[in-house]
Amino acid sequence: PVREALQMLEQDGWLKMETYKGAVVREFDPHYMRNLSRIRTALEVCALEEAVSNITEKDLEELARIQDMQKKTLEKFDVKSFITWDQQFHSYLYDLSQNQELIHLLRNYYDIFRFLGTQAVLSTEERRHSTLAEHQRILDSLKEGNDTEAVQALKAHMQNTELNILRQFKTHEKE
């Protein structure tokens with residue numbers, strides 16, 4: 001059971017198996033975080049491109065409800081709730097793609113994406129508000145039927161998240 005647990009942690013990106021050392025906790029250096037962010041961006045863009053043809057009015061209402069719930073977490077900021085609603089927003093878009101292989105890949109990285117997202121919003125209140133604004137831009141573009149703009153908004157959101165994570169990492173590195 002322990003070997004299988006270590007293999008799962010390695011598969012999820014939390015551990016590395018090194019020769020003569022065994023299981024080693026992965027170091028989250030800027031290069032690794034940048035690579036993960038870019039993988040996430042590619043997968044999420046693909047999911048959104050596939051989702052746009054499946055989105056109904058009911059789906060747009062559900063995304064708006066999720067967005068509203070995430071906004072409410074800012075009143076008494078709770079990072080866990082904020083990230084949970086953030087993940088629900090993104091997961092809902094994944095599910096709309098109806099691409100089970102893509103959804104499986106995104107779910108494999110779920111915990112690491114959650115960790116990275118937490119790092120991104122912990123740093124400043126400004127990032128929390130900009131995250132909501134970026135989600136709103138995606139949602140508004142979808143409501144308008146502007147698929148190209150929705151994809152561009154998602155790409156911008158992912159780029160801003162990556163930059164914020166790397167900025168946060170550099171701040172901690174100096175301490």
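Quick check: anything in region 8-26 within 22 Å of S141 (Cα to Cα), out of contact with any Gly (no Cβ under 6 Å at 6 or more places or on another chain) and among the polar types (S, T, N, Q)? No: region 8-26 contains no residue that is within 22 Å of S141 (Cα to Cα), out of contact with any Gly (no Cβ under 6 Å at 6 or more places or on another chain) and among the polar types (S, T, N, Q). If only residues of region 70-92 that are among the charged types (D, E, K, R) and loosely packed, with under 15 Cβ neighbours inside 10 Å are counted, the one that is nearest to S53 (Cα to Cα) is K72. The condition (being without any contact (Cβ under 8 Å) to a residue 24 or more places away in the chain and of a type in the set (A, V, I, L, M, F, W, C)) is satisfied by just one residue among A64, A42: A42. Only one of the numbered conditions (1) part of a helix (DSSP H, G or I); (2) open to solvent by 50 Å² or more (accessible area, probe 1.4 Å); (3) in contact with a helix residue (DSSP H, G or I) (Cβ under 7 Å, 6 or more places away or on another chain) is violated by M17, and that is (1).
When S53 is tested against (1) touching a residue at least 12 places away in the same chain (Cβ under 8 Å); (2) loosely packed, with under 15 Cβ neighbours inside 10 Å, only condition (1) is not met. Against the numbered list (1) open to solvent by 60 Å² or more (accessible area, probe 1.4 Å); (2) over 17 Å from the mean Cα position of the chain (by Cα); (3) under 22 Å from L43 (Cβ atoms), D95 comes up short only at (2).
Within region 1-43, restricting attention to residues that are under 30 Å from S97 (Cα atoms) and among the hydroxyl-bearing types (S, T, Y), the residue that is modelled with the highest pLDDT is T41. Here K58 meets each of (1) surrounded by 14 or more Cβ atoms within 10 Å (Cβ to Cβ); (2) of a type in the set (K, R); (3) modelled with pLDDT of 95 or more with one exception, condition (1).
Taking region 20-32 on its own, how many of its residues are open to solvent by 60 Å² or more (accessible area, probe 1.4 Å) and among the hydrophobic types (A, V, I, L, M, F, W, C)?
Taking region 20-32 and keeping what is open to solvent by 60 Å² or more (accessible area, probe 1.4 Å), we get 20-21, 25, 27, 31.
Okay, now just the ones that are also among the hydrophobic types (A, V, I, L, M, F, W, C), so 25.
Residues in region 20-32 being open to solvent by 60 Å² or more (accessible area, probe 1.4 Å) and among the hydrophobic types (A, V, I, L, M, F, W, C): 1 in total.
The values are calculated or read from the model by the stated rules, or taken from the named source; none is laboratory data. Since the structure is predicted, the reported quantities are computational estimates derived from the model, not experimental observations. Virtual Cβ from ideal backbone geometry, glycine too; neighbours counted across all protein chains shown. Note: accessible area is taken over every heavy atom of the protein model, side chains too, but ligands, DNA and RNA are not part of it. Shrake-Rupley method; radii C 1.70, N 1.55, O 1.52, S 1.80 Å.
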